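Q: Quick one: structure below, then a few questions.
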Amino acid sequence: MAWDQVFVATAGLLLALAAVAVRAGVTVGRRAGGVDTWYYLAYADAFRARPSLDVRLPQYLLQDERQSYAPLFPSALALLPAVVRKRYYWLVSPAVDAVHLLVLYTVAYRLTGSLSVALATGVIFAITPQLVSETRSLNGRSFGILLHSLAMLATVRFSIGGGGPWLGLALVFGAALLLSSASASAAWAAVCAVLAFRFADPRYLLVLVGALALALVASGGHFARVVRNYVQALQYWRRHHAWFGAHPIRDSPLRDSPEHSAPAQQPGFLGGNALQQLLRLLGENPFILALPLAPAGVFPWGPRLHVWAVTLALLAVLATFLPPLRAFGPGRHWMRAGAFPTAFTLAAGIGSRDGFAKPLGVVTVAGAVLSLAAIAFYYWYLRHRVVEQTAFVPEGLAPAVEHLRGLPAGGIFCLPSVYADFTCYHSGQPVLWGGHCGDLTRFGEVFPVLRVPLAELFGRYGVRYVLIDGSYVRSGELAPGARLDELGAWGTFQLYEWRAP
């Protein structure tokens, strides 16, 4: 290998390591947490014990026992040795993002032949705030957008005369994507549709249809259950959207107060109206401000990557203001998959003739400054958040759950609910939770607000223990007249045994 190639490879690896450091650094000195982390670990453990798409998690009392969640990521997670999964789970999402960066860096270098363009592309991707925040928890999002990029690249290469091998790769990556992430799959389908229209090329749609068929056949029909799961989740959030961000007890219609038709308080940090959502979209993706200035077609594949980037940016903005387009969450979620083409389009535009001196270069540098400021704010925000901490395991929770592990069997009710998965996984006890998959009718009785009296729920599901963070809710607010025998207190956390009224 020539020295220049060694230099290019070394620069890419150093950039990937820097990206991992930026993503994982927020957990330094604390035990990493995450809302979905423990669900994925439980799924991986069950799959490892009995390799099959028929994965069952009976410990979640409010969802179907048989899991219909997109199976590819947690199944791949099960391939890691148990000791690696349980000790280094916090590194998985940053590592997947680093692999994504290396793919982008390599593609940029191969298409342009310019190390400066490749480095600029990698830096933009590395410091995009939304990608940094997405990796604070073990989940399938980074894995999904990596597959999205691979599927898009293979599809584009096939469409411009890549031949049969690229068609095969597009179908395989597309099918894997469909079995991994709803939002990233929807982004792929949207971009394929726009590319087919823009370039009058039906091959984009043919690849999409072929990948759907392959996903269904390769999964033995399980993909149909995955699609049904997406539909059920969409129906659930449409029914309960007005209550998103409400307090499950204080905003419950069961309280002795005037009837609630909506929560008394808007959701937390920047989660309220469309203007706040737009501010968060721009705060997590400052480089989107430079995209309108970027030229299309500066380098090979440029026009198609430009369409890819612009399509997802427009969807992100439109979904911020048009609720019907929020089927996969807030509008900013579309930009997860748009980070790859946006980074390339901006770097390639700057790397063209006299590009940096143009407005594009200035606005992109301004986007970099804003991105670093947003990441610094993200670090500060998580370090100072007290209630519903999702990045770390809060002090007091682990010893409380360890105490639960030694108690007689019984279901657990946990508030705030962001700690339910951790409690379930580490206590070995079932939990009154389960919003991950399947029919969510039972889940709606508890979340976002309590709709069925706790005494009735506890009796129906065999709940015996109540674990609460006293800074979030007081024991006396749960069920007036009920008896709660305190079993211990650790920091702000209290553990009780429930006695029926």
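The values are calculated or read from the model by the stated rules, or taken from the named source; none is laboratory data. If you're wondering where the values come from, they're calculated on a predicted model, not measured in any experiment. Here the Cβ is made from the backbone with ideal geometry for all residues, glycine too, and neighbour counts use every protein chain on show.
Q: Which condition breaks for GLU402 when tested against (1) part of a helix (DSSP H, G or I); (2) over 18 Å from the mean Cα position of the chain (by Cα); (3) in contact (Cβ under 8 Å) with a residue 40 or more places away in the chain?
A: (3) is the only condition that GLU402 fails.
Q: Scan the range 388-400 and tell me whether some residue there is modelled with pLDDT under 90, touching a Pro at 6+ places or on another chain (Cβ under 7 Å) and not basic (Lys, Arg).
A: Yes: the range 388-400 contains one or more residues that are modelled with pLDDT under 90, touching a Pro at 6+ places or on another chain (Cβ under 7 Å) and not basic (Lys, Arg).
Q: Please work out which one of (1) outside any loop (DSSP other than H, G, I, E, B); (2) aliphatic (A, V, I, L, M); (3) touching a Ser or Thr at 6+ places or on another chain (Cβ under 8 Å) is the condition VAL449 fails and give its number.
A: (1)
Q: Please go through the range 425-446 and pick out each residue that is assigned to a loop (DSSP other than H, G, I, E, B) and among the hydroxyl-bearing types (Ser, Thr, Tyr).
A: Once the filter is applied, which keeps residues that are assigned to a loop (DSSP other than H, G, I, E, B) and among the hydroxyl-bearing types (Ser, Thr, Tyr), the range 425-446 yields only THR441.
Q: Looking at PRO74, PRO129, PRO51, PRO94 in this structure, which one is at pLDDT 90 or above and surrounded by fewer than 17 Cβ atoms within 10 Å (Cβ to Cβ)?
A: PRO51
Q: Continuing with this model, one more query. Working carefully through the options GLN63, GLN59, find the one that is more than 30 Å from VAL369 (Cβ to Cβ), touching a strand residue (DSSP E or B) at 6+ places or on another chain (Cβ under 7 Å), among the polar types (S, T, N, Q) and in contact (Cβ under 8 Å) with a residue 24 or more places away in the chain.
A: None of the other options fit; the residue is GLN59.
Rundown of residues vs (1) assigned to a loop (DSSP other than H, G, I, E, B); (2) closer than 28 Å to ILE127 by Cα, yes/no style:
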position: ASP4; (1), (2): no, yes
position: GLY12; (1), (2): no, yes
position: ALA19; (1), (2): no, yes
position: ARG23; (1), (2): no, yes
position: ARG30; (1), (2): yes, yes
position: VAL35; (1), (2): yes, yes
position: TYR40; (1), (2): no, yes
position: ALA44; (1), (2): no, no
position: LEU53; (1), (2): yes, no
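Q: Further question: Sort out which residues of the range 77-91 are part of a loop (DSSP other than H, G, I, E, B) and either at pLDDT below 90 or surrounded by fewer than 18 Cβ atoms within 10 Å (Cβ to Cβ) (or both), and write them in order of number.
A: In the first step, residues of the range 77-91 are kept if they are part of a loop (DSSP other than H, G, I, E, B); the result is 78-81.
Answer for the range 77-91, where residues must be part of a loop (DSSP other than H, G, I, E, B) and either at pLDDT below 90 or surrounded by fewer than 18 Cβ atoms within 10 Å (Cβ to Cβ) (or both): LEU79, LEU80, PRO81.
Q: Does ALA489 fit the bill of being of a type in the set (A, V, I, L, M, F, W, C) and surrounded by fewer than 15 Cβ atoms within 10 Å (Cβ to Cβ)?
A: When the stated conditions are applied, ALA489 passes them.
Q: Looking only at the range 454-486, which residues are closer than 26 Å to PRO58 by Cβ and either exposed (fewer than 15 other Cβ atoms within 10 Å of the Cβ) or of a type in the set (Val, Ile, Thr) (or both)?
A: Across the range 454-486, the qualifying residues are GLU456, GLY459, ARG460, GLY462, VAL463, VAL466, ILE468.
Q: To continue, here is another question. How many residues are within 23 Å of the chain's Cα centre (by Cα) and buried (at least 18 other Cβ atoms within 10 Å of the Cβ) if we restrict to the range 279-310?
A: Selection size over the range 279-310: 12.
Q: Filter the range 55-76 down to the residues that are part of a loop (DSSP other than H, G, I, E, B) and of a type in the set (Phe, Trp, Tyr) and list them by number.
A: Within the range 55-76, just TYR69 meets the criteria.
Q: Further, regarding this structure: Which one of these does PHE158 not meet: (1) surrounded by 24 or more Cβ atoms within 10 Å (Cβ to Cβ); (2) aromatic (Phe, Trp, Tyr); (3) over 19 Å from the mean Cα position of the chain (by Cα)?
A: (1)
Q: Let me ask another. Find all pairs meeting these conditions: Cβ atoms under 8 angstrom apart; at least six residues apart or on different chains; first residue within the range 213-227 and on the phi > 0 side of the Ramachandran plot; second residue modelled with pLDDT under 95 and outside any helix (DSSP H, G or I).
A: GLY220/LEU53
Q: Same structure again: May I ask you to list the residues in the range 172-190 that are part of a helix (DSSP H, G or I), among the small types (Gly, Ala, Ser) and closer than 17 Å to LEU312 by Cβ?
A: Selection gives GLY174, ALA182, SER183, ALA184, SER185, ALA186, ALA187, ALA189, ALA190.
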